[in-house]
Every structure is written in C-alpha cells, then in structure tokens.
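Quick notes on the structure that follows.
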Amino acid sequence: MKYLPEIYLTMCIMNKYFLKLSTIVLPLYFLLSVSQLQAKTLLIASDEWCPYICDDQILPGFLVEVLNEIADKNKIETTFAFIPLARALSLSQRDQVDIVLALTQQHISGYKLKQSKQSFGGLYNDFYVLSDNNWRYKSTKNLAEALSNNHILGTINGYQYGDEISNIINEKQANVFAASGKSPLEKQLKMLHMGRLDILLDSRFTVQYQLSKLPEINILHAGTQGDFTPLYLGYSASIPDELIDIFDRGLLSLRDSGRLANILAKYGISDWQ
C-alpha cells in the first residue's frame, strides 16, 4: 500500500484521477468489473487510530496490514491517505474515496456507503479521566449531569458512539470538544493530561495503545457504555459487490490460516471474533 500525502489527495480529487507514481490512472467512479479494478489503484482513507491505522512504516496498524495482504494476494493496487475521518466519509459518499476503514453501521448507513459483510475489528465506548478525578460512568444520565455541571467531554469529529451517547453529545454541544486532524486521539489524551478536558470517550484498544507511547499521561478507565460494537469497511457506492467479497473472503482466509493472529500479536491484541 502506497501512502499519499494529503496535498496530492486534493489534487487527485480536483482532477478526478488517481496518481500512481508517474502514471495517470482512470477515475474509479465508473462501475468497474473486478478485473478492471485489479488494474486500478483503490484509494483508501482514514485518520490515525492506532492500533487499527497507524502513521508508522514498520507497524502501520493491524487493519492496514490485513488489507495489504489481501490486496497483494489478489493483485489489487492500493493507495492510502491520512485525512480526518469526517472528510474521508464525505469524499467516499461522493465516490472520491473508495474505502474508509473502521466504520460503525451508523457511519455506513448515514453516508449511504456499501458495507463489508465481515467485521474488521470493533470498539467499546470507554470513558477515561485523570487519576485525581472521582467521576465514574454509571449511566447516560450521570454523563449528561456531568456535562450540565460544566465538565468537558472529549470526542473525535466524525466518530459515532451509538444513539444514546450521540443524543447527549448533540444536546450538550457546548460541553463537548470534538478533535479532528490526522491524530485526534493523541491530541485528546494530551488535552486530558493538561486538564483541558474532564472526560475522554474512546475505545480501550486505541487508548491503551496510545498510552503505551505516552507514559507521562496518568489516567484511569472510568467505565464503559454499551456492548462491543463491530467495525466494518465502508465502500463507495460505485465499488462492485465482487470486490467487497474479495476482502471479506480474504479476512476469513487470514483467520483460518493463523496469519491474522500473528498480525494482531504484533499490536498486543487478540481476535475480536
């Protein structure tokens, strides 16, 4: 998978072409057969959300590694761009990005994307606070009360947290800070550490991974809302179902062979199934 700087992504979208080295490749917003797509470059986009998607050439994220192996086996060329999730979703809805990674069903239905049949990971709605903060999540009611009492909740722009949490976020927008950019979770963790946030909402897998790289940040898990939420690949409407099936079957093959477990072990996590 080749990495595309955001400035070139903008150029590609403006010209409705994908650039692969010095070769101009025809746009992918036409309905293409799988054989044609295998000769093209799929544009994949997401923000950084380690250990799923990482800005690291050696450990690029387990989801990136999984897609790389499936694409390589099926001779599918891919290019990856780090952009804010909200922008990636908007571009995919307009057929200007082919695949967006690690999406909930809310994302996919909301932006009218196609969905992988297989889940490619998952998340929990986990809350974190500084070690000297006594607040703990007990219910959506006590979260709403905390925000009414001027606590600031940190989220990430474009992320979906389920209907119950989303309703609170929408009602208490003045007390919610939604980070954006290439590495929004790292930004939120640092803001929590500096006392600019009172409560952080994200998933334990990504928070724990980031904390392993930020040992100076001392925070506590303050509770979990809801159950495990599966995450999917979101495809633009122009992508044929046959291509979606290739990636679904590729994931199952990696799981059956034990290769998926080997990839996940590098990031200290286990299979979500």
Inset, instruction - Looking at (1) assigned by TED's automatic domain parsing to the domain that holds Asp202; (2) modelled with pLDDT of 95 or more; (3) surrounded by fewer than 15 Cβ atoms within 10 Å (Cβ to Cβ), find the lone condition where Lys73 falls short. - result: (1)
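Determine which member of the set Leu260, Leu243, Leu197, Leu264 is touching a helix residue (DSSP H, G or I) at 6+ places or on another chain (Cβ under 6 Å) and in a loop (DSSP other than H, G, I, E, B).
On the way: Leu260 fails: in a loop (DSSP other than H, G, I, E, B); Leu243 fails: in a loop (DSSP other than H, G, I, E, B); Leu264 fails: in a loop (DSSP other than H, G, I, E, B).
Among Leu260, Leu243, Leu197, Leu264, only Leu197 is touching a helix residue (DSSP H, G or I) at 6+ places or on another chain (Cβ under 6 Å) and in a loop (DSSP other than H, G, I, E, B).
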Inset, instruction - Confirm whether Ile156 is free of Cβ contacts under 8 Å to residues at least 24 places away in the same chain, outside the structural domain of Ser90 (by TED's automatic domain parsing) and of a type in the set (A, V, I, L, M, F, W, C). - result: no
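One residue is enough: does region 214-225 have a residue meeting the conditions without any contact (Cβ under 8 Å) to a residue 12 or more places away in the chain and either touching a Leu at 6+ places or on another chain (Cβ under 6 Å) or surrounded by fewer than 19 Cβ atoms within 10 Å (Cβ to Cβ) (or both)? Give the steps one after another, and end with the answer.
Residues of region 214-225 without any contact (Cβ under 8 Å) to a residue 12 or more places away in the chain: 215.
Cutting the leftovers down to either touching a Leu at 6+ places or on another chain (Cβ under 6 Å) or surrounded by fewer than 19 Cβ atoms within 10 Å (Cβ to Cβ) (or both) gives us 215.
Yes; the residues of region 214-225 include at least one that is without any contact (Cβ under 8 Å) to a residue 12 or more places away in the chain and either touching a Leu at 6+ places or on another chain (Cβ under 6 Å) or surrounded by fewer than 19 Cβ atoms within 10 Å (Cβ to Cβ) (or both).
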Inset, instruction - Restrict the check to region 69-81 and report whether at least one residue is under 27 Å from Lys187 (Cβ atoms) and outside any strand (DSSP E or B). - result: no
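Confirm whether Tyr111 is under 24 Å from the mean Cα position of the chain (by Cα), of a type in the set (Phe, Trp, Tyr), in the same structural domain as Ile53 (by TED's automatic domain parsing) and crowded, with 16+ Cβ neighbours inside 10 Å. Steps first, answer last, please.
Values: under 24 Å from the mean Cα position of the chain (by Cα): yes; of a type in the set (Phe, Trp, Tyr): yes; in the same structural domain as Ile53 (by TED's automatic domain parsing): yes; crowded, with 16+ Cβ neighbours inside 10 Å: yes.
Considered against the rule, which asks whether it is under 24 Å from the mean Cα position of the chain (by Cα), of a type in the set (Phe, Trp, Tyr), in the same structural domain as Ile53 (by TED's automatic domain parsing) and crowded, with 16+ Cβ neighbours inside 10 Å, Tyr111 comes out as yes.
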Legend entry - Top-ranked residue in region 219-265 [being of a type in the set (D, E, K, R) and under 19 Å from the mean Cα position of the chain (by Cα); ranked as nearest to Ile70 (Cα to Cα)]: Asp248
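The values are calculated or read from the model by the stated rules, or taken from the named source; none is laboratory data. Note that the structure is predicted; figures quoted are calculated from it, not measured. For neighbour counting, all protein chains shown are included, and Cβ atoms are generated from backbone atoms with ideal geometry for every residue, glycine included.
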